[in-house]
Amino acid sequence: MTTEPTQLQPFVESFDPARSGLPGAGLGWLKALRKTGIERFEALGLPTPKLEAWKYTRLKPLEDTRYQPVTDEDGMAALNTVPSLLPDPGGRPRLVFVNGWMRPNFWIVGDLPDGVHLESLHDVLETRPDWIRERLGTLAGEDDSSLVQLNTAMMDTGFVLRVEDGVRVETPIEVIFVGGLTAHPVAYSPRNLIVLGKGAEATVVRYHVGLGAGAYFANSVTEIDVGPGALFRNYKVQAEALEATHIDTVRARVARDATYESFSLSIGGRLSRNEVSVRLEGEGAHCALNGAYLMRGSEHCDNTTQIDHLVPHTTSREVFKGVLDDESRAVFVGRIVVHKDAQKTDGYQLCKTLLLSTGAEIDVKPELEIYADDVKCSHGATTGQMDETALFYLRSRGVPEALARNLLVQSFIGEVLEEISDEDVRRAITDQVVHWLPAACYLAEEWRAE
Amino acid sequence: MLEIKNLHVSVEGKAILKGIDLSVQPGEIHAIMGPNGSGKSTLSHVIAGRDGYEITGGRIIYQGEDLTGLAPEIRAAKGIFLAFQYPVEIPGVANTTFLKEALNAIRRYHGEDELDAMQFVKMMREKAKELGIPEDMLKRAVNVGFSGGEKKRNEILQMAILNPRLAILDETDSGLDIDAMKIVAEGVNNMRAPERSTLIITHYQRLLDYIIPDKVHVLAHGRIQRSGGKELALELEEKGYAEFGEAAA
């Protein structure tokens, strides 16, 4: 007997009463898009480990929890200080969402250069419906995963960043999603759209942070279109609450001579999955897909990535590092597909995991599919425990054990943090790693906040 | 300084040291020589407190105190230093940072004020200069990309900074050319002091041409087989370890 219908029911049931209150409710095409979304979701069901792509991750909290829609009270929950990732913004562009709700009183968008448009999904649906109609769902469409379908049906929040041709945004734009400030389990579905014109440049840092202990389900989808010769840096820190389920789908397309750089840090949340796919569609396109995950307790973190090399002369680099303590679990799937015509592809992938406890577990699956004959692709994966000789070396010099262990974790993670090209973001992410380390934390000089 | 009495040590259930007796007085340099697999490195690691070495009998007394059960960092704070045969690479952690934190941990243990970055760097630069260590080696990550000789010199630099009471040099001469060995030897000789003792663990006699030991011991099959003065090292150089059954070891 299958239990799937009852698992889907709460999600499907909540669709009809909610739809009239969702953004863009008056738009016929969007209504149709949402309807297709919920129907596709119903047909596909929640992903289960029976699917190859979900072999190592089970969405148990979604099976067990009845999430409710976010109420006015949840959305307007008091926020004394904004938990900003980057140091004092001082005019730095910033958006803030609480339990999925926009909180424009915390927004800073004034200083953006001409040709940069940073708006809420709500506003863009009202002001530029035709523009967004052409783009929404083009990269995460109806043939995508069931959770993307659910997001398409329910998308209730999110932002749109549009950078016109040749415009460069120097400072990182921070988008903060605060969760956990509710007394009952809630679900929200941010849908973000980022479009960079020819030769444009921008950096976005998404900070998904949990305050309080409430359970919630954040199901985000971000579509990113990087135009010819453009540079987009996509950074994310996931520091969700203990009982959070965090699903983050990113679909990016990179045009000729453009660069897409991403770094994803996962340091909190009961269950998280970062599902990223990048399509290198123009010659000279490059992507750097990097990340780190540090887990403890019974947390589970899944990084599933796919890079498609579709044309000749494209390059990709992918480095992920993980540190797992206690009974935590992690999954890394790195799929690289070199299509038939994609000669002279240069791909590099590395996944390294440090297990701090015998109860921790990692499943690593590099998948290289190569259909062209003149390519350079390499991958490597290692999993190991803390180097006892290195630990003894540090201790034999007088460094106390707990501090020596922290130092070795920092040493291990440090290599991947070097991949972050924006210095402010690198420092902010480094601080997050340091905060993750056990208390009585030993901070080597280069790790101390200035 | 160091009194080892009837020491028995097992590693993973296998007896490696089978009754070592050794007495080192303050100011003395002792050389422990022996064939491969004789237990030389085990002896040095067990004095420094490495996990995984089970003392099944006997005692190690250091400055009147039984070391059994003390963590390596506590032993380090009490003045024991082990120069590693294979110094460990630690990417992402600058040599300067590592040494400053190590020294300050030891100073904290003794209730002394920590050195600030300025004070430390000044002191480190002086010591480095004496040992012919270039400035950039201090800034680089610990032992990463160092040549064999640089790694060994870095060990001697650490020793000079941490200023131990009992220094143990585990095969410090291995992999060194003559010039590098002279620098290392000079570093050790400069630290010779009435209150400091040194144990030199080595397979070959050649380091002892530059560091003259007060006593030489031959370790084989987990026991000290013979002890003597510096002339014993020359004798071993000539005859090898055959009489101690190297072939059987």
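No value in this document is a laboratory result; all are computed from the given coordinates. Just so we're clear, the structure is a prediction, and the values are computed from it rather than from any experiment. Here the Cβ is made from the backbone with ideal geometry for all residues, glycine too, and neighbour counts use every protein chain on show.
Extension gain for the segment A:H379 to A:E170, taken as residue separation times 0.36 nm less the Cα-Cα distance, is 71.9 nm to one decimal.
Bridges between two residues of chain A, per DSSP, are antiparallel at a rate of about 5%. Given the C-alpha centroids of segment A:128-195 and segment B:65-116, what is the distance between them in whole angstrom? Segment A:128-195 and segment B:65-116 have Cα centres spaced 51 Å from each other. Size descriptors for segment B:2-248: radius of gyration and Dmax over Cα atoms are 17.9, 55 Å. Summarising the amide proton neighbourhood of A:G347: residues at separation of 5 or more, or on other chains, whose placed amide H is nearer than 5 Å comprise A:S316, A:K376, A:C377, A:S378.
Apply the a/c threshold of 1.5 to the C-alpha gyration tensor of chain A and tell me whether it is rounded, prolate or oblate. Rounded. Amide H to amide H distances under 5 Å link A:E174 with A:R94, A:L95, A:V205, where only residues 5 or more positions off or on other chains count and H is placed in the peptide plane. Across segment B:206-212, computed HN-Hα scalar couplings (Karplus, 6.51 cos²θ - 1.76 cosθ + 1.60, θ = phi - 60°) run 4, 4, 6, 5, 9, 10, 7 Hz from first to last residue, x flagging Gly and Pro. Across segment A:363-378, coupling constants 3J(HN,Hα) worked out from phi with the 6.51/-1.76/1.60 Karplus curve, θ = phi - 60°, read 10, 10, 9, x, 10, 10, 10, 10, 10, 9, 9, 10, 9, 10, 9, 9 Hz, and Gly and Pro carry x. For chain B, there are no membrane-span-like helices by this rule, meaning no whole DSSP H stretch whose C-alpha atoms cover at least 24 Å of axis and whose Kyte-Doolittle mean is -1.0 or above; this says nothing about an actual membrane. The residues neighbouring A:G359, those whose beta-carbon lies less than 10 Å from its own, together hold a net charge of -3 under the Lys/Arg +1, Asp/Glu -1 convention.
Two decimals, Cα atoms only, Kirkwood Rh: what is Rg/Rh over segment A:155-301? A ratio of 1.01.
For a footprinting-style exposure proxy, rank B:S197, A:S396, A:S357 by other Cβ within 10 Å, fewest first.
Numbers: B:S197 24, A:S396 27, A:S357 13.
Ranked by crowding around the Cβ, least crowded first: A:S357, B:S197, A:S396.
Dividing the helix sum by the residues of chain A, where each DSSP H run of 4 or more adds -39500 (n - 2.57), gives a mean residue ellipticity at 222 nm of -7000 deg cm²/dmol.
Here B:S10 and B:Y86 are evaluated by their C-beta separation; at R0 = 25 Å the FRET efficiency comes out at 0.65.
Using just its DSSP H runs of length 4 or more, each adding -39500 (n - 2.57), chain B gives a mean residue ellipticity at 222 nm of -10500 deg cm²/dmol after division by all residues. Counting charges near A:R317 (Lys, Arg +1; Asp, Glu -1) among other residues having Cβ under 10 Å from its Cβ returns a value of -4. What the Cα convex hull of segment A:247-325 gives, in volume per residue, is 61 Å³. Positive contributions from Lys and Arg (+1) and negative ones from Asp and Glu (-1), summed over other residues with Cβ under 10 Å from the Cβ of A:R296, come out at -4. For the peptides A:28-41, A:369-382, A:409-422, residues were scored by their other Cβ atoms within 10 Å and the scores averaged per peptide; the highest-first order is A:409-422, A:28-41, A:369-382.
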